[in-house]
Every structure is written in C-alpha cells, then in structure tokens.
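Here's the structure, in structure tokens; my notes come after.
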Amino acid sequence: QKTSICYLSFPDSYSGGLGDTQFSFRLRQSGGQRTTHYEDDGEYNREAPLTLQRESAHYFGYVYFRQVKDSSMKRGYFQKSLVLVSRLPYVNLFQSLLQLIAPEYFDKLEPCLEAVCNEIDQWPPPVPGQTLNLPVMGVVIQVRIPSRVDKPGSSPVKQFNQENLLPAPMVLPSVHELDLFRCFQPVLIHIQMLWELMLLGEPIVVMAPSPTVSSEMVLALTSCLAPLRYCCDYRPYFTIHDSEFKEYTTRTQAPPNIVVGVTNPFFIKTLQHWPHVLRVGELRMSGDLPKQVKVKKLAKLKTLDTKPGIYTSYKTFLHKDKTLIKRLLKGIQRKRPSEVQSALLRRHLLELTQSFIIPLEHYIASLMPLQRAITPWKNPPQIRPFRQEDFMKTLEHAGPQLTCVLKGDWLGLYRRFFKSPNFDGWYRQRHKEMTQKLEALHLEAICEANIVAWMKDKSEVEIVDLVLKLREKLVRARCQHLPVKEETLQRVGLYIETIIGSLPEDLQTVLHHH
C-alpha cells in the first residue's frame, strides 16, 4: 500500500512544468481487517450526506508536488511530494491545508510536520452541520461540515461564528465542492451526455495532460449526480504501477464500472477497448467559451497525439439542453465569476438528477405497508417488492416531465439505470431506511398497547417468548440507532420489567439472568 501511495504521489509522464501542482487520488485498501479506527464512524456516516460518507475500503490521497531546478540534486531537479491520506472526500479542505503546510515543509522538513501533526491531533472530529475552527500554523481554517438534512442545492449557510477570531479565519465556502465550471470547461456542451454516462455507471477513461486535470475531471464527474450517490468505483489518477492495472486493461472481460483518470500516453493503447474515452487538454481559463471537444468514433483513438474529444458511440437518451449553454455563454460575456457559473451548472445538474429520482422516490414510498397494518403483537408487515414494470406505469402521470423540460426517451434511460450499480446502491439504501422506519413504528405501536389486557389469557410460554422478543427489539433499536424517541425505548424497557414481575419467581430469576 505504501508503494502504491508513492507511485500515485508523482506525475507518471514527463511534464516539463516546473513549480507546484496539486492533485488527488483514491486507493483501494489492501488486505487486513477493514476495521474502522473511528468510534464515531457510524454516527458520522448516519448524519453526513451519502456523498460525503467515510469510506471503509478506500483511502483518498491529496498531493502537493513541487518540481524545481536544483543543481545540487543528481537529476538536476528538486522533486518532492507531500501527501495527506484520509478516508474523507474533503478535497477542498485538505488541498487548502496542503497549500499552507507543503511550502513550509519543503523548507524546514520534519520538525515542521511534527508541529503540524500535533495541531491536527487537537482538531475536533467532523460533526455534520457544525462549523469548525481548525488552527494550523498560525492560521485558523473555518469550514462547515455538510449534513444530510441540508437542503440540496442550498448554498452553505453563512452561520459563521461571530467570535472575534484573531487573526481573521481563512473561511472555506465548502469542504468538498470543486469549481465545476472550470473543471468542465472543454465539455460544457456535452454535460448531459456525461451526466447520463455517470448515472448509468458506464466505464469511462479520462485522458489528461496532468494528474491535476485528470483528478479534477474525475471528481467533477462523480459529483454531478448529487444528491444521488455515485456507487461505482473511481480513480481520479491511476498509473501503470497500480495493483489493479491488469484487472482494468485485460481484454478477456468487459471493462469494470469505473471512471479512471490517466496521464500516461501508454494507456491510449491499453484502454482502447473501453467504450467511452474522454481526452482533454490543459485547462486554461480564458475570456470566452473555451474550445469545446467533439464527439468522435472510438476507431479514431489510435495515435499518440490523439486530439481532445469524447470517443464513444453512445447515443444519449435525452435531447440536449440549449438553455444551459446560453446561460453560461451570457455569464462569460458578462464576466461573471467562476463560482457563479459553477452554481448555475450545479443547479442544472441537481434539477436533472431530481427530476429523474423523484418518480423513483414516490414509487418506493408507495411500497411501505400502511401504518394501520402495524399491530403490536404481530411482526411488522413486509415492504412490498420493487417491480420495474409497475414503476414504469406510474411514469405516464407522475414522470420526470412534470419537473423537467427535457424531452427524450426517459423510459429507456430508466431501463438502463435499473441495470447499473447506482440503482442497486440507491435501492439498498432506501430499503434499509424503510425497514428501520417499520421497526420504529412497531416499537411505538407496542408502547401504545395495553399489555396487561393482552397477558390475561396467555400462557407462561407465550409471555416468556414476548419478553425475549421485546428485549431483542430493544437491543436492535439501540445498536442500529433506529429513528425512535428515547422515551419510547424507556417505556418498552419498563414494560419488560412489568411483564417479568407478573411471572412466578423461578422464571423471574431465569429471565433476569438471561
């Protein structure tokens, strides 16, 4: 794993660029127990947006690389990277942190890192919904940790602490959001095609001139489905030394559902068989609409000097949205700041995703049993199965056309989506939440019930059985942090005591020890 981190921390193809660059990678955790070192993991993941959960099987690496001429070095260059490894996808926070630490570290080396680590050890854990002040090297970084209850698309709340912090804090508008407008510059007119490819979990290669461009493009792509979680694998930057290299380049099976960012021209040859290849050049912010890449046939992807373009034979299900491009163009003419353009883009993608997902949410909600079917002394009824054809029928009067102006083959898009890991991930998450809700409603029904009346005509065996079942329910409610009020749990606990109290002494003793 250390070796992989080392390879991923340096550009793997010659870049004549001198100076400092920053990029990110994501790495599969190898071997060993996938235990979390964090007691608060479960709690954090329950309250964080799905797209910002701590990953249990992957690490993120955030890199600050410096390359400068230095005659005292054998190769004539000083080349060093400082890497921060975390399970959290907070690209903005960690890259800003590196901008403070890395230049100092290259000057002062180890002692500087030791001091910084001591400060970071004192940082509070990230609690969704809270604004944190994080002191490091004489600066206070102030940032709000997003929460699952934030309204999607709302701008970060400006509820920054008014304590007069001196020096004034360095306020980050977001822990994780990229400058989408800058990242998507060369592909703005194809945003919709890229959104569809991401939604369907298609295998995509991003070929870029540098790890910076490759990692930003991959992260921008994976973020464009929010609030829907992108459930496939992704590698913002990938090198030929990677342990998964063979797995991804083999021609004996179909390419995996993954977006992979590469810079080494060697990949043009080894990944030719992938269905979608996005080739981009250096990103340069200019005053007008950057040159937009064209969609080309995969067969054209042969030469080393492959021109920028989207090499694919994919036909989009939905028609292009001209209004977005017009609005962005207007923004460019009026010299609107990049954040404003990014906000426009983000809102457009959010509305597109919501139009697609709302009919699914409505349908899955209809599979929940009625509240009156939940009775205290019977196991709660099952959630009804998700039937794709039934869902398709609901689209006539409650489909995406209600909230989205885009025309096209929405039905075809849903049918393809059902085969993707993103549908599977969404369905499992929803099913889990609904099961927990049912369990919570059942506990509340038990609370409301008249237990003494129920016990009148019951045998000891039935009563003991009830005690054991209720106990198990209580344990589960606490372990899984079910959405139940604390007083409900306490009342169920009292019920158990009351029931045990009504039994003969020998049974009471056994149950108390059980």
* Structure fact -> In nanometres, the difference between 0.36 nm per residue of separation and the alpha-carbon distance of Asn118 and Val475 is 124.6 nm
* What does the convex hull of the Cα atoms of the range 179-426 come to per residue, in Å³, rounded to a whole number? -> 159 Å³
* Cut-off under 5 Å, modelled amide H: who pairs with Ser147 long-range -> Gly129
* Across the Cα atoms of the range 1-124, what radius of gyration and what greatest pairwise Cα-Cα distance (Dmax) are found, in Å? -> 16.5, 53
* Quickly rank 437-446, 67-76 as a protection proxy: mean count of other C-beta atoms within 10 Å, highest first. => 437-446, 67-76
* To do: Divide by every residue of the chain the summed helix terms, -39500 (n - 2.57) for each DSSP H run of at least 4, and state the resulting mean residue ellipticity at 222 nm, rounded to the nearest 500 deg cm²/dmol.
  => -13000 deg cm²/dmol
* **Listed pairs Lys69/Lys108; Lys294/Lys322; Lys291/Lys335 exceeding 22 Å between Cα atoms** => none
* Quick one: order Val467, Val295 from most to least accessible surface, probe 1.4 Å. => Val295, Val467
* In straight Cα distance, which lysines are under 26 Å from Lys485, not counting same-chain residues fewer than 8 positions off? -> Lys151, Lys378, Lys432, Lys437, Lys469, Lys473
* Structure fact -> Here the percent of antiparallel bridges among DSSP beta bridges lying wholly in the chain, to the nearest 5, is 65 percent
* Sequence-separation-based contact order of the chain, relative, with Cα cut under 8 Å and 6+ spacing, percent -> 12 percent
* **Convex hull of the range 450-513 built on C-alpha atoms - directionally averaged projected area, nm²** => 4.5 nm²
* Once the other residues with Cβ under 10 Å from the Cβ of Pro256 are scored (Lys, Arg +1; Asp, Glu -1), what is the net sum? -> -3
* Asked: What is the set of long-range amide H partners of Ile258 at a cut-off below 5 Å, with H atoms built 1.01 Å from backbone N?
  -> Ile204
* Which number do you get for Rg(Cα) / (2.2 N^0.38 Å) in the range 350-507? -> 1.42
* Asked: What is the range 179-426's relative contact order, in percent, from Cα pairs under 8 angstrom and six or more apart in sequence?
  -> 24 percent
* To do: First compute the accessible area of the chain with a 1.4 Å probe, then give the percent of it belonging to carbon and sulfur atoms.
  => 55 percent
* Asked: Are there trypsin sites (Lys or Arg not before Pro) in the range 239-325 that DSSP marks as loop and that have at most 16 other Cβ atoms within 10 Å, and which are they?
  -> Arg251, Arg284, Lys291, Lys294, Lys297, Lys302, Lys315, Lys320
* Asked: Only one of the listed values, [x] 48.1, 176; [y] 21.1, 62; [z] 27.3, 94, was derived from the coordinates as Rg and Dmax of the Cα atoms in Å; which label is it?
  -> [z]
* Find the accessible area per residue for the chain; the probe is 1.4 Å, ligands and nucleic acids are left out, and the unit is Å². => 52 Å²
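The values are calculated or read from the model by the stated rules, or taken from the named source; none is laboratory data. Worth saying up front: this structure is predicted, and the values here are computed from it rather than measured. Please note: Cβ atoms are built from the backbone with ideal geometry, for glycine as well, and neighbour counts cover all protein chains shown. These accessible areas exclude ligands, DNA and RNA; they are computed on the full protein's heavy atoms, side chains included. Shrake-Rupley method; radii C 1.70, N 1.55, O 1.52, S 1.80 Å.
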